[in-house]
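Q: Here's a structure for you.
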Amino acid sequence: MVSLNKNQTVSLNKETSSLNQLQFGLGWDPLKKKKGFLSSLLGGGSDSIDLDAGCVLLDQSGNTIDTIWFRKLKSSCGSVVHQGDNLTGEGDGDDEVITVDLTRLPLPVEYLAFTVNSFRGQTFNEVDNAFCRVVDQSGKELARFQLTEQGSHTGIIIASLSRSNGNWDFTAHGKASTGRTIDDMHSDIVATVVR
């Protein structure tokens, strides 16, 4: 497993012998808020953060081919599937998972951009331990990117997958965006992902 820093790229084909299917696990925790004595007596609000993972399929020029998110859980071609929406960020491990069948991806798809955004407008100042990881069909974790930055933004282009001479490269981005939906983030996605 390769642990990536911001803006680093790894060839996934070098990490595994055959690459057919991938899982992109995205996880986060709500930032633990310090509660005062009165707040704890009154039950205080629950710490939760509702972030949404998404994936945009782009062609070589950055034109959108398809968008997968909580309002559309499966790509039109059937190769990319969002496993469902987590409304709290509670629990260990992946909060949301997007699977990609590389053998079924249409040829015009050059890039898959993975995003995390807050539809409710919660900012990344309220997020802790955000990460993205790539797992192959055997369950082997190939790469991981731990997001260490916080801020007042509502979206992140966290990582991307791109075709490279018949192979697949995974790039950690961690690029902040102000979009509350994946559509709002489109121009930032193209500027960050398309080379």
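The values are calculated or read from the model by the stated rules, or taken from the named source; none is laboratory data. Being a predicted model, the structure only gives us computed values, none of them experimental. We place every Cβ from the backbone using ideal geometry, glycine too, and count neighbours over all the protein chains shown. Just the protein is used for accessible areas: all its heavy atoms, side chains included, with ligands, DNA and RNA removed. Shrake-Rupley method; radii C 1.70, N 1.55, O 1.52, S 1.80 Å.
Q: Could you state the per residue volume, in Å³, of the convex hull enclosing the Cα atoms of the range 137-195?
A: It comes to 112 Å³ per residue, whole-number rounded.
Q: Let me ask you something else. Hey, could you grab the Kirkwood Rh for the chain? Inverse mean 1/r over distinct alpha carbon pairs, Å, one decimal. Numbers along the way, then the final one.
A: On the way: mean 1/r = 0.0590 Å⁻¹.
Kirkwood radius, the chain: 16.9 Å.
Q: Moving on to the next point. Heavy atoms only, probe 1.4 Å: what % of the accessible area of the range 105-163 goes to carbon and sulfur, would you let me know?
A: Numbers: 990 of 2100 Å².
The C+S portion of the solvent-accessible surface of the range 105-163 is 47 percent.
Q: Which FRET efficiency value, to the nearest 0.05, do you get for residue 104 and residue 195 by plugging their Cβ-Cβ distance into 1/(1 + (r/R0)^6) with R0 = 35 Å?
A: 0.90
Q: Taking 0.36 nm per intervening residue step and subtracting the Cα-Cα distance, what contour gain separates residue 18 from residue 148 on full extension?
A: So the chain would gain 43.7 nm between residue 18 and residue 148.
Q: Have a look at 125, 13, 165 and tell me which one the Gaussian network model of the chain (Cα, springs below 10 Å) gives the largest fluctuation.
A: 165
Q: Separation between the residue 63 and residue 178 pseudo-spin-labels, each 7 Å from Cα along Cα→Cβ, expressed in nm?
A: If labels sit at residue 63 and residue 178, their model points lie 2.9 nm apart.
Q: Something else: What does the net charge come to around residue 130 if you take all other residues with beta carbon closer than 10 Å to its beta carbon, with K and R at +1 and D and E at -1?
A: Net of charged neighbours comes to -4.
Q: Rank 141, 96, 126, 149 by accessible area, highest first, at a 1.4 Å probe radius? Don't jump to the answer; show the numbers that get you there.
A: Numbers: 141 40, 96 5, 126 60, 149 90 Å².
The residues order as 149, 126, 141, 96, largest area first.
Q: Separate question: Mind giving me the FRET efficiency for residue 138 and residue 71? R0 is 22 Å, r the Cβ-Cβ distance, nearest 0.05 is fine. Mind dumping the intermediate values first?
A: Working: r = 31 Å, r/R0 = 1.42.
Computed FRET efficiency for residue 138 and residue 71: 0.10.
Q: Considering only DSSP beta bridges with both partners in the chain, what is the antiparallel share in %, to the nearest 5? Walk me through the numbers before you get to the answer.
A: On the way: 54 of 57 bridges.
So the antiparallel bridges in the chain amount to around 95 percent.
Q: Per residue, how much accessible area does the range 43-182 have with a 1.4 Å probe, in Å²?
A: Normalised by residue count, the accessible surface of the range 43-182 is 40 Å².
Q: Excluding residue 175 itself, what net charge comes from residues whose Cβ is under 12 Å from its Cβ, given Lys and Arg +1 and Asp and Glu -1?
A: -1
Q: Then there's this: Using the Cα centre of the chain as origin and beta-carbon charges of +1 (Lys, Arg) and -1 (Asp, Glu), tell me which of 81, 112, 187 is placed farthest towards the positive end of the dipole.
A: 187
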